[in-house]
Structures are given as C-alpha cells and as structure tokens.
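First comes the structure, then the notes that go with it.
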Amino acid sequence: MTARPHRNDLIPIGEMARRTGLAVSAIRFYEDKRLIEPVRTGGNQRRFLRSDIRRVSFIMIAQQLGLTLGEIREQLAQLPHGRTPNARDWKRISSVIRKRIDARIAALAKIREDLDGCIGCGCLSLKKCALYNAGDRWGEKGAGPRVMLPPEVA
C-alpha cells in the first residue's frame, strides 16, 4: 500500500493544465484513458502528483512519436506509483521507445528514397515502377499503399 501523498506534493487540475500547456479537457481525457490517476480530495476534487507533470509530458511526446494510447498506458504502468520516477525508471522505458523510433526512422528513410523515383504512379516506366500492379495482386494483401509503407505502418 502506498503512502498518502503530502498535500504540498499535490496540484489541482488547472495547475496541471497550465504546467503542461494542455487544456483541462485533455487532462480529463488522459484520466479517462487511465494514463494518469488523480488523488481525490474530501470534496471530490482532482489533485495530481507533481510527478504527473512528467507523465503527461511523456504522453505528449510518445503521441508525437506515433505510439497508441494503449502502448503509452503499457509503458506508464512500468513507472512507480506514489514517487517521482527516477533516471533508471525512465531509461527502462526509453529503451523500448528507442526501438520504436529507430524502426520509424528506417521506415521514413525508405519512403523518402522510394518517393524520389515516384509521384504516386504517374511514372513513364513500368519496368522500374515500384507501384506497378498487374492483375491487382497488391489488393489481395489488404488496403492502403502496401508497397511504399513497411508492414508495421501499412
């Protein structure tokens, strides 16, 4: 059982919004999605741990990197409750995120290289066109630009 946080370690939702640059509604959304968990006062008001500012910042960055809310929740579950995460905690999470970033960089680099020779198939050479699709064989593999995007993105 975690110790109840000291009153000075708690901030109201408006302060959380101000410190993170998010709207109060976004903070509530993250709460609804179980990404952050407020402490409730006797009057049922939300109070957040100061360390939740870091968690919300992580959520914002992870979303920019393309992680789903489920993936973000999974990573946040690795962090300790009731104390500010330390460098070791964040390093463990960052190693997982780093792999995701590296894969995304590789996918973007491939798309960039392929895009140099393609304009969405207005090319004049069916011999070297990566999108040429005789008999619609790509349609059998699903919807979307299957040739240009790697499987984890398409």
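Computed from backbone phi, the HN-Hα couplings of region 35-40 come to 8, 9, 9, x, 8, 9 Hz, rounded to whole numbers (Karplus: 6.51 cos²θ - 1.76 cosθ + 1.60, θ = phi - 60°; Gly and Pro given as x).
Work out how much length residue 71 to residue 109 would gain on full extension: take 0.36 nm times their residue separation and subtract the Cα-Cα distance, in nm to one decimal. Spell out each step's value before the answer.
Numbers: separation 38, 0.36 × 38 = 13.68 nm, distance 2.36 nm.
Contour length minus the Cα-Cα distance gives 11.3 nm.
The string of couplings for region 42-58 from the Karplus curve (6.51, -1.76, 1.60, θ = phi - 60°) is x, x, 6, 8, 6, 9, 10, 5, 4, 5, 5, 4, 5, 4, 5, 4, 4 Hz, one whole number per residue in order, with x for Gly and Pro.
Our coupling estimate for region 84-101, obtained by passing each phi through the Karplus curve with A = 6.51, B = -1.76, C = 1.60 and θ = phi - 60°, is 5, x, 9, 4, 5, 4, 5, 5, 4, 5, 5, 5, 5, 5, 4, 4, 5, 5 Hz, Gly and Pro reported as x.
Normalised radius of gyration (Cα atoms, divided by 2.2 N^0.38 Å) for region 7-85: 1.04.
Any read-out appearing in this document is the output of simple, stated calculations on the displayed coordinates, not a laboratory observation. Keep in mind that this is a model prediction, so the values were computed, not measured.
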